[in-house]
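Contents: one structure, followed by commentary.
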């Protein structure tokens, strides 16, 4: 096989991670797979680390279909443990590290976990689950011994991971993402972007969201480098783009807005070949500002249940469609039933975890398809999408109603250039200050769910 023939293949039909990495190990051992915390993790590094993680999991008796809660703060550890779980055919669920104790308790009660892999500092949050907890610091390379790991061939319907998504009733749902979903999504994206080994993709999206996780799987399949950051900071991101000669980046509108507000000393548009905007509706005004900056914007529409974006378009090529959500990706079907958008295709989950099989998946989005085939999304029933995060308004309402001094509460969603949607809470309470209610909510809800404004009702 020619040195780069393996890397130019298209139309993947398997996801045997160890096999993929060992091909890279043979062809490009010292090339960087992920740059994280100022360290280059090469294909050689990740291959041997994965082998060690697999042995560790097998040594502690993690087996096929064991449900593993991955509750980690270090993204490289998270990726290695996730890959190892897939290889031993366990069922990994990425638990957001920023959940409140109340949210974490609710999640661990709703999912029948078999084991948790976490950090020493986080392990105390799981002590009341009654399940085995393995700190990542104790899963050392020596645990598995010297024997080779025992791997099975992946089934395309195998669960690759479980991810939290927002439910329509305020109860989080768990998307069951299969190997086949990941492969189909990666291949569809590759048809648009034609990934190559020289691409450098900046990933500042959380890995417990499909937007951030999908970039890791695309890099695995198509051999490009990822610059991985734990969190977004506009100035840091801008400097990283220049320093690492980044040519692709995925952002939510809030991130794009903050980057555009920077006083550019250098023209990053010369470096970037794609700026992918997803996660929430992006205002026309913000997109026009990006076009003025010569940023190559690809507007994307998708969700956890669709394993990342399933529609999109290059804004500069369709300036008259700037408020659209895009054309469908390869093998994705859309239909509108009573103004609701339904989706179907190989990248869309077949079911939620412990639920029934779905044929056509309801997105809960309201929209239409125009005569040119462009999808338009007008909003989501009962949701705000703020800073790229879905916020279930019913969930917020249910929690606020539990406050003993709140008599009534109403919520309004307004459009905002930076946040996309901005949630405003109108509170009726004679005995409690609004700031006290906000502080109380911080103990119950993740920070992104807290309304941006509180208004007292007389």
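Quick check on residue 372: is it more than 23 Å from the chain's Cα centre (by Cα), touching a residue at least 40 places away in the same chain (Cβ under 8 Å), part of a loop (DSSP other than H, G, I, E, B) and loosely packed, with under 15 Cβ neighbours inside 10 Å? Yes.
Test residue 272 against the stated conditions and say whether it is touching a helix residue (DSSP H, G or I) at 6+ places or on another chain (Cβ under 9 Å), surrounded by fewer than 23 Cβ atoms within 10 Å (Cβ to Cβ) and closer than 27 Å to residue 322 by Cα. Yes, satisfied. Might you check whether a residue that is within 18 Å of residue 188 (Cβ to Cβ), at pLDDT 90 or above and either in contact with a helix residue (DSSP H, G or I) (Cβ under 8 Å, 6 or more places away or on another chain) or surrounded by fewer than 23 Cβ atoms within 10 Å (Cβ to Cβ) (or both) occurs anywhere in the stretch 283-293? Scanning the stretch 283-293, I find no residue that is within 18 Å of residue 188 (Cβ to Cβ), at pLDDT 90 or above and either in contact with a helix residue (DSSP H, G or I) (Cβ under 8 Å, 6 or more places away or on another chain) or surrounded by fewer than 23 Cβ atoms within 10 Å (Cβ to Cβ) (or both), so the answer is no. Within this structure, residue 94 fails the test of being over 25 Å from residue 156 (Cα atoms) and either touching a residue at least 40 places away in the same chain (Cβ under 8 Å) or surrounded by 15 or more Cβ atoms within 10 Å (Cβ to Cβ) (or both).
Where in the stretch 1-89 are there helices (runs of 4 or more DSSP H), lying fully within it, with 2 or more residues that are more than 30 Å from residue 104 (Cα to Cα), in the same structural domain as residue 110 (by TED's automatic domain parsing) and modelled with pLDDT of 95 or more? Walk me through how you get there before you give the answer.
Numbers: elements: 17-27, 43-59, 75-87.
Result: 43-59.
Within the stretch 303-316, the presence of at least one residue that is touching a residue at least 40 places away in the same chain (Cβ under 8 Å) and in a loop (DSSP other than H, G, I, E, B) is confirmed.
Within the stretch 180-191, take every residue that is within 26 Å of residue 244 (Cα to Cα) and out of contact with any helix residue (DSSP H, G or I) (no Cβ under 7 Å at 6 or more places or on another chain) and give me the one that is surrounded by the fewest Cβ atoms within 10 Å (Cβ to Cβ). Please lay out each step first, then the result.
Step one: filter the stretch 180-191 for residues within 26 Å of residue 244 (Cα to Cα), giving 186-187, 189-191.
Next cut, out of contact with any helix residue (DSSP H, G or I) (no Cβ under 7 Å at 6 or more places or on another chain) only: 187, 191.
Details: 187: 21, 191: 12.
Among those that are within 26 Å of residue 244 (Cα to Cα) and out of contact with any helix residue (DSSP H, G or I) (no Cβ under 7 Å at 6 or more places or on another chain), it is 191.
For (1) part of a strand (DSSP E or B); (2) under 25 Å from residue 51 (Cα atoms); (3) out of contact with any strand residue (DSSP E or B) (no Cβ under 9 Å at 6 or more places or on another chain); (4) at pLDDT 90 or above, each residue gets a yes or a no:
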| position | (1), (2), (3), (4) |
| --- | --- |
| 108 | no, no, no, yes |
| 112 | no, no, no, yes |
| 134 | yes, yes, no, yes |
| 137 | no, yes, yes, yes |
| 141 | no, yes, yes, no |
| 149 | no, yes, yes, no |
| 152 | no, yes, yes, no |
| 156 | no, yes, no, no |
| 161 | yes, yes, no, yes |
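For the residues 242, 246, 236, the requirement of being modelled with pLDDT of 90 or more, assigned by TED's automatic domain parsing to the domain that holds residue 302, part of a helix (DSSP H, G or I) and within 13 Å of residue 200 (Cβ to Cβ) singles out 242. Is it the case that some residue within the stretch 192-202 is crowded, with 20+ Cβ neighbours inside 10 Å, touching a helix residue (DSSP H, G or I) at 6+ places or on another chain (Cβ under 8 Å) and in a strand (DSSP E or B)? Scanning the stretch 192-202, I find at least one residue that is crowded, with 20+ Cβ neighbours inside 10 Å, touching a helix residue (DSSP H, G or I) at 6+ places or on another chain (Cβ under 8 Å) and in a strand (DSSP E or B), so the answer is yes.
Would you confirm whether any residue within the stretch 356-378 is closer than 21 Å to residue 277 by Cβ and at pLDDT below 85? For the stretch 356-378, residues closer than 21 Å to residue 277 by Cβ and at pLDDT below 85: present.
Taking residue 207, is it closer than 30 Å to residue 21 by Cα and part of a helix (DSSP H, G or I)?
Values: closer than 30 Å to residue 21 by Cα: yes; part of a helix (DSSP H, G or I): no.
Judged against the criteria, residue 207 is not a match.
Looking across the stretch 406-458, the residues that are part of a loop (DSSP other than H, G, I, E, B), modelled with pLDDT of 80 or more and surrounded by 14 or more Cβ atoms within 10 Å (Cβ to Cβ) come down to 406, 444, 445, 446, 450, 451, 452.
Of the candidates 289, 299, the single residue that is touching a strand residue (DSSP E or B) at 6+ places or on another chain (Cβ under 9 Å) and without any contact (Cβ under 8 Å) to a residue 40 or more places away in the chain is 299.
Determine which member of the set 255, 248 is farther than 22 Å from residue 390 by Cβ and more than 14 Å from the chain's Cα centre (by Cα). Lay out the reasoning, then the answer.
Working: 255 fails: farther than 22 Å from residue 390 by Cβ.
Every option except 248 fails the conditions.
Pairing residues of the stretch 42-54 that are surrounded by fewer than 19 Cβ atoms within 10 Å (Cβ to Cβ) with residues that are at pLDDT below 95 and part of a helix (DSSP H, G or I), at Cβ distances under 8 Å and at least 6 apart in sequence or on separate chains, gives 44/25.
If you go through the stretch 260-269 one residue at a time, do you hit one that is in contact with a strand residue (DSSP E or B) (Cβ under 8 Å, 6 or more places away or on another chain) and either part of a helix (DSSP H, G or I) or under 23 Å from residue 175 (Cβ atoms) (or both)? I'd like the intermediate steps shown before the answer.
Keep residues of the stretch 260-269 that are in contact with a strand residue (DSSP E or B) (Cβ under 8 Å, 6 or more places away or on another chain), which gives none.
So far as the stretch 260-269 goes, no, none of its residues is in contact with a strand residue (DSSP E or B) (Cβ under 8 Å, 6 or more places away or on another chain) and either part of a helix (DSSP H, G or I) or under 23 Å from residue 175 (Cβ atoms) (or both).
For residue 396, the requirement of being touching a residue at least 24 places away in the same chain (Cβ under 8 Å) and on the phi < 0 side of the Ramachandran plot is met.
The values are calculated or read from the model by the stated rules, or taken from the named source; none is laboratory data. Source: prediction; values computed, not measured. Cβ atoms come from the backbone with ideal geometry, glycine included; neighbour counts cover every protein chain shown.
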